[in-house]
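Novice: Mind looking over this structure? Questions follow.
The values are calculated or read from the model by the stated rules, or taken from the named source; none is laboratory data. Remember, predicted model here, so these are calculated numbers, not experimental data. Methodologically, a virtual Cβ is constructed for each residue, glycine included, from the backbone with ideal geometry; neighbour enumeration extends over all protein chains shown.
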Amino acid sequence: MQSLAPRRLASACRRSTTLPPTRRWHSSSPQSAPTQTPEPGPSRTTHFGYRTVPEESKESLVRGVFDSVASNYDLMNDAMSMGVHRLWKDEFVGLLRPGSKGPVRCIDVAGGTGDIALRMLDHAREKYADRETSVDVVDINAEMLRAGYVRFKKTMYHDTSQIAFHEANAQDLGQERFLSNSYDLYTIAFGIRNVTNIREALAEAYRVLKPGGTFACLEFNKVTNPILAQLYDQYSFSVIPMLGSILAGDRDSYQYLVESIRRFPSQWDFAKMIADAGFATGEHHSGNGGAWRDLWGGIACIHTGVKV
C-alpha cells in the first residue's frame, strides 16, 4: 500500500499571493543555487532508485520524476494506497498538534502540493481556534508548487499571511531567506528519501529551527513483519508501476518511487542520523518513548526530534 509519491525541495522564495499558477519560480540568491562547483577528482556517487549516479545528477533526475507526476499526484496517491496515505497524514498532523500551545511558525519541506500545510492550518483553526499559525511550503519543483498554489486558491487561507510557497533546496535553504533559529516546527512528509544528501538536509532543518523546536518526518520505512513485507514487495514492484502506466502514462517514475523506498535507511539507522544531526530523540524503538512510530507495520513511519 504505497501512497505519497515523494515530494521535493529547492531554491528561491516568494509569497503564494504574488505568484500566478502559470509562473515558474527562479532562484534569486547565490546561496540557494541548485548546482555547486564540482570538486576536483572523481565524482561522488549516490543512488537514484537502484541506479548508482553521480551526486550532481540526482537533483535533476528527481526533478524530472516530479515534473512527470505532479499533475496526477493526488490521483496516484489515492490509487496506490487505496486512500491510506490520507490517514497517515492525519495521524502525523494530529501527533504534532499545531496550535495547541498557541500559534506556531512552521516550515513544510518537500511539501509542494500543500496537503500537509492545509492539514496543519485546518487543525490549528478547528481544534484550537488558531488563525495565526503559519506555514512556509518549500519544494524544489515548480510544478509541485503550482499544484499547491491552486489547491490553496480554493481555501480561506489564500492571499493571507498564513501560507507562502517557496522554491528552495532542502540541503541549502539559503540563510538570507530562511533565517537560523526562526521556526517552531519543521515537517517533511514522503520527501526526505529523494534528497541527494540526507545529512545535509537534517543539518539545515536543525539550523532553521528555534531551540526547543520540533523536527518531524513522515516517510516510508522497513516493514517489520516478514509475511507483510513479502506481500508489500509483491504489491510494490508489480501493481504500483502498472498503475503508473495506466493512470499516469508513466511507469518509470513510479518504478523509481518504489525503488527509492527500498533504498531508504531503516528506522534505527534514520533515527541515528537524526540524533547525529544534534536532535534529541527518544529511545531507538517504536512506540511510547521511542524515536519513531511505525504505521501499518512499518510501511510508513513518523520520526521526531527536538533541537537542543
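Novice: Return yes when Val93 is within 23 Å of Phe270 (Cα to Cα) and not in a helix (DSSP H, G or I) and no when it is not.
Specialist: Details: within 23 Å of Phe270 (Cα to Cα): yes; not in a helix (DSSP H, G or I): no.
No, not satisfied.
Table: residues versus (1) within 13 Å of Ser81 (Cβ to Cβ); (2) of a type in the set (D, E, K, R); (3) in contact (Cβ under 8 Å) with a residue 24 or more places away in the chain.
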| site | (1), (2), (3) |
| --- | --- |
| Pro226 | no, no, no |
| Gln234 | no, no, no |
| Pro241 | no, no, no |
| Ala248 | no, no, yes |
| Tyr254 | yes, no, yes |
| Val258 | yes, no, yes |
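Novice: Taking Val258, is it at pLDDT below 95, outside any helix (DSSP H, G or I) and of a type outside the set (S, T, N, Q)? So that I can check it myself, show each step before the final result.
Specialist: Details: at pLDDT below 95: yes; outside any helix (DSSP H, G or I): no; of a type outside the set (S, T, N, Q): yes.
No: the conditions fail for Val258.
Novice: Name the one entry in Ala275, Ala271 that is at pLDDT 90 or above, part of a helix (DSSP H, G or I), surrounded by 14 or more Cβ atoms within 10 Å (Cβ to Cβ) and more than 18 Å from the chain's Cα centre (by Cα). Don't jump to the end; show me each part of the working.
Specialist: Details: Ala271 fails: more than 18 Å from the chain's Cα centre (by Cα).
Going through Ala275, Ala271 in turn, the sole match is Ala275.
Novice: Next question. Checking Cys106 against (1) in contact with a Pro (Cβ under 7 Å, 6 or more places away or on another chain); (2) surrounded by fewer than 24 Cβ atoms within 10 Å (Cβ to Cβ); (3) of a type outside the set (Ser, Thr, Tyr), only one condition comes out false. Which one?
Specialist: (2)
Novice: What number of residues within the stretch 153-170 satisfy the criterion of being under 17 Å from Val109 (Cβ atoms) and not in a strand (DSSP E or B)?
Specialist: Matching residues across the stretch 153-170 total 2.
Novice: For the subset of the stretch 192-214 comprising residues that are of a type outside the set (A, V, I, L, M) and over 15 Å from Gln171 (Cβ atoms), which member is surrounded by the fewest Cβ atoms within 10 Å (Cβ to Cβ)?
Specialist: Here the residue is Pro211.
Novice: Another question, then. Return a yes/no flag: does the stretch 198-213 have any residue that is of a type in the set (Asp, Glu), in contact (Cβ under 8 Å) with a residue 40 or more places away in the chain and not in a strand (DSSP E or B).
Specialist: The answer is no; no qualifying residue exists.
Novice: Separate question: Give me the residue from the stretch 283-302 that is more than 13 Å from Phe215 (Cα to Cα) and of a type in the set (Gly, Ala, Ser) and, out of that set, surrounded by the fewest Cβ atoms within 10 Å (Cβ to Cβ). Give the derivation first.
Specialist: So the first thing to find is which residues in the stretch 283-302 are more than 13 Å from Phe215 (Cα to Cα), and the list is 283-290, 293-301.
Then drop every residue that is not of a type in the set (Gly, Ala, Ser), which leaves 286-287, 289-290, 297-298, 300.
Numbers: Ser286: 21, Gly287: 10, Gly289: 8, Gly290: 17, Gly297: 15, Gly298: 20, Ala300: 29.
So, considering only residues that are more than 13 Å from Phe215 (Cα to Cα) and of a type in the set (Gly, Ala, Ser), the one surrounded by the fewest Cβ atoms within 10 Å (Cβ to Cβ) is Gly289.
Novice: Still on this structure: Specify which of the listed residues (Leu185, Leu228, Leu243) is aliphatic (A, V, I, L, M), at pLDDT 95 or above and surrounded by fewer than 22 Cβ atoms within 10 Å (Cβ to Cβ).
Specialist: Leu185
Novice: Right, another one. Taking the residues in the stretch 74-92 that are over 19 Å from Ala147 (Cβ atoms) and crowded, with 21+ Cβ neighbours inside 10 Å as candidates, determine which candidate is modelled with the highest pLDDT.
Specialist: Out of the qualifying residues, it is Phe92.
Novice: Same structure, new question: Quick one: in the stretch 154-195, of everything that is β-branched (Val, Ile, Thr) and more than 13 Å from the chain's Cα centre (by Cα), which residue is farthest from Phe264 (Cα to Cα)?
Specialist: Restricting attention to the stretch 154-195, the residues satisfying the condition of being β-branched (Val, Ile, Thr) are 155, 160, 163, 187-188, 192, 195.
Those still in the list that are more than 13 Å from the chain's Cα centre (by Cα) too: 155, 160, 163.
Working: Thr155: 34, Thr160: 37, Ile163: 30 Å.
The qualifying residue farthest from Phe264 (Cα to Cα) is Thr160.
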